[in-house]
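What follows is a short report on a single structure.
The values are calculated or read from the model by the stated rules, or taken from the named source; none is laboratory data. This structure is a prediction, so every number in the text was calculated from the model and none was measured. Here Cβ is always computed from backbone atoms with ideal geometry, including for glycine, and neighbour counts include all displayed protein chains.
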Amino acid sequence: MFRNITLPLFLGLMAVLLVPQIQADTLSVAINSGAWIQNPDSTQGRLLLSFDIPTELQGAEVTFAELLVPLTSSIPDSSVLAVECHPLLVSWSSEEVAWEDVGDTLSSEVINDGTQYATSSEGSQVAYFDITNIIKSWQDSSLANNGLILYYDSATLPYFTYKRGESAPFATVRFDYTH
C-alpha cells in the first residue's frame with residue numbers, strides 16, 4: 001500500500017539544491033550631463049538629466065532602478081516634495097537648452113505605473129525616484145533614451161537649485177539587475 005518515497009524525495013531535494021541561484025548585482029552610475037532651468041519669473045524649475053544605460057546592463061534584466069538626486073538643503077519635517085520625474089521625448093543639449101524649449105511645452109509620456117514622485121525623509125538631502133519602468137522602456141527600445149526631466153514648483157525650488165558647470169554630479173542612478 002505505501003511505497004518507499006525516500007529515494008525520489010532525496011533526488012528531488014538534491015536537484016533543488018544543485019540548481020544555481022540567480023544572484024542580483026547592483027551598479028551605481030553618476031550622471032554628469034544635465035541642465036537646470038527656471039521659468040522667467042523664477043516660480044518653476046526643471047532639472048534635465050542625460051545618461052546612457054551602462055554596457056554592464058546589456059542582456060540583463062533590471063529588477064529595480066532608482067534615481068537619487070542630491071538636494072541643496074535638508075528637508076524639514078513638514079515639507080512634501082512634489083516633484084514629477086518623466087522621460088524626455090525629445091533630444092536636447094545641456095549647452096543650448098532653455099526654458100522656452102522644454103518649459104510647459106514639453107509633454108512627457110507617463111510610463112506604465114504613472115508619474116514618479118520624489119520620496120525622502122525628514123532631514124534627508126537626497127530625493128529618490130523609482131525609474132524601473134523607464135529604464136526597461138529604454139532597454140526594449142519602446143521609448144528613446146532622451147534622458148529624464150524633473151518638474152517642480154516654487155515650494156520645492158529651494159531644494160533643487162542646480163546650475164550648469166557645477167563639479168558635483170547632478171544625480172546618481174542605482175540599478176539592481178540579474179543576467
Among the residues of segment 131-146, write down those that are in contact (Cβ under 8 Å) with a residue 60 or more places away in the chain and touching a Ser or Thr at 6+ places or on another chain (Cβ under 6 Å).
-> ASN146
Quick one: in segment 35-78, of everything that is assigned to a loop (DSSP other than H, G, I, E, B), in contact with a Phe, Trp or Tyr (Cβ under 8 Å, 6 or more places away or on another chain) and polar (S, T, N, Q), which residue is surrounded by the most Cβ atoms within 10 Å (Cβ to Cβ)?
-> ASN39
Do we find that SER50 is touching a strand residue (DSSP E or B) at 6+ places or on another chain (Cβ under 8 Å) and over 14 Å from LEU150 (Cβ atoms) in this structure?
-> no
Condition set surrounded by fewer than 20 Cβ atoms within 10 Å (Cβ to Cβ) and modelled with pLDDT of 80 or more, scope segment 152-176, selection farthest from TRP99 (Cα to Cα): answer is ASP176
Yes or no: SER121 among the hydroxyl-bearing types (Ser, Thr, Tyr), in a loop (DSSP other than H, G, I, E, B) and modelled with pLDDT of 85 or more?
-> no
Tally time: how many residues in segment 82-117 are at pLDDT below 60 and either in contact with a strand residue (DSSP E or B) (Cβ under 6 Å, 6 or more places away or on another chain) or assigned to a loop (DSSP other than H, G, I, E, B) (or both)?
-> 14
In this structure, is GLY45 over 16 Å from PHE175 (Cα atoms) and touching a residue at least 12 places away in the same chain (Cβ under 8 Å)?
-> yes
